[in-house]
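Novice: One structure, pasted below without further comment.
A short reminder: the numbers here are calculations on the coordinates, not readings from a lab. Since the model is a prediction, treat every value here as computed from it, not as a measurement. In this analysis, Cβ positions are derived from the backbone assuming ideal geometry, glycine residues included, and neighbour counts consider all displayed protein chains.
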Amino acid sequence: MSLRSRNHLRLVGAVAIHVLTATGGVLGLFSLLSASNGQWTTSFAWLGAALIVDGVDGPLARMVDVKRVLPRFSGEELDHLVDYVTYVTVPAFMVARAEIVPEGLRLPLAAVIMLVSLYHFFESKTADGYFVGFPAIWNVVVLYCFVLGFQPAVSASIIAICAVFTVIPLYWVHPLRVKRLRLLTLAVVSAWGAAAVSAILGGFPGSPAEQVIFGLAAIYVIAIGVSARAGGDRHFDPVK
């Protein structure tokens, strides 16, 4: 194969990966449409598909060396835009429309989610991969509210606490980037993911087994972050 042909294939591959990343926004739209009709499990299914896209596009981009092939087009910025739709905007809409929080707090809490999440979309990782401050995974928080079947006041309190923790420099584990206890973390995340899929397929609230897995996973993530923070400060890595 000639050098020109190889360069052409690399270009096509880089463009395809950017298109894959952008499909996350389309999946977010589908999720939003489902949420507008009160189809909560379907809405989370679309968000789950977007989460899969978000998990695979980064490794593929590094494999193809997208930064070098298309240096003027930032895949990271595109990823941030898509993440704000799927991790923040759609869950905020759910909070505004669903009955998981008291009616008078729905719009205020949705607005708070939109506002505080912007703070996180700047330098928010340590050099060894921890998020600093709550990492704006509102799709997960709202899913917890549905699966665990909290009373509206409890769900509202949890959302408010997470919003406050956005600006508190505690550490939150990134399951793919943090090397410490990576295998255990991946096992916990895998069990949580299986429980999430089961709950979405079975309907809300989740079964007792699904709720137990959700609870244990939350305890683990908080514990590993607290223990990492207690181990000393880390240097910030501006690359998300």
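Novice: With label points built 7 Å along Cα→Cβ from the Cα atoms of L33 and V15, find their separation and express it in nm.
Specialist: If labels sit at L33 and V15, their model points lie 2.6 nm apart.
Novice: How would you rank D65, D54, going from fewest to most other Cβ atoms within 10 Å of each one's own Cβ?
Specialist: D65, D54
Novice: Okay, next question. Per DSSP helix of 4 or more residues, -39500 (n - 2.57); summed, then divided by the residues of the chain. What does that give at 222 nm, rounded to the nearest 500? Don't skip to the answer; put the middle values down first.
Specialist: Details: 10 runs with 167 residues, N = 240.
One gets -23500 deg cm²/dmol as the mean residue ellipticity at 222 nm.
Novice: Using only the Cα atoms of the chain, construct the convex hull and provide its projected area averaged over every direction, in square nanometres to one decimal.
Specialist: 13.9 nm²
Novice: Using alpha carbons only, how many degrees (0 to 90, rounded to 10) separate the axis of helix 40-64 from the longest principal axis of the chain?
Specialist: In the chain, helix 40-64 runs at an angle near 30 degrees to the longest axis.
Novice: Enter the mean projected area of the convex hull around the alpha-carbon atoms of the range 26-130, in nm², rounded to one decimal.
Specialist: Working: hull surface 31.5 nm².
Averaging across all directions leaves 7.9 nm² for the Cα convex hull.
Novice: Could you tell me how many cubic angstrom of Cα convex hull volume the range 40-87 has per residue?
Specialist: Enclosed volume per residue, from the Cα hull, is 59 Å³.
Novice: So if each residue of separation counts as 0.36 nm, and I subtract the Cα-Cα distance between R180 and E103, what length gain in nm does that give? Write out the running numbers ahead of the final one.
Specialist: Working: separation 77, 0.36 × 77 = 27.72 nm, distance 4.17 nm.
Length difference between fully extended and current span is 23.5 nm.
Novice: For the chain, with a Gaussian network of springs between Cα atoms less than 10 Å apart, report the residue from G24, G203, G48 with the top mean-square fluctuation.
Specialist: G203
Novice: Using a 10 Å cut-off around each Cβ, can you sort I168, I200, I222, I137 from fewest to most neighbouring Cβ atoms?
Specialist: Listed from fewest to most nearby Cβ atoms, that is I168, I222, I137, I200.
Novice: If you plug each phi of the range 109-119 into the Karplus form 6.51 cos²θ - 1.76 cosθ + 1.60 with θ = phi - 60°, what whole-Hz ³J(HN,Hα) values come out, in order, with x for Gly and Pro?
Specialist: Running phi through 6.51 cos²θ - 1.76 cosθ + 1.60 with θ = phi - 60° gives 5, 4, 5, 4, 4, 4, 6, 5, 5, 4, 4 Hz.
Novice: Can you sort R97, R62, R106 by how many other beta carbons sit within 10 Å, fewest first? Walk me through the numbers before you get to the answer.
Specialist: Working: R97 16, R62 12, R106 20.
Final ranking by Cβ density, sparse to dense: R62, R97, R106.
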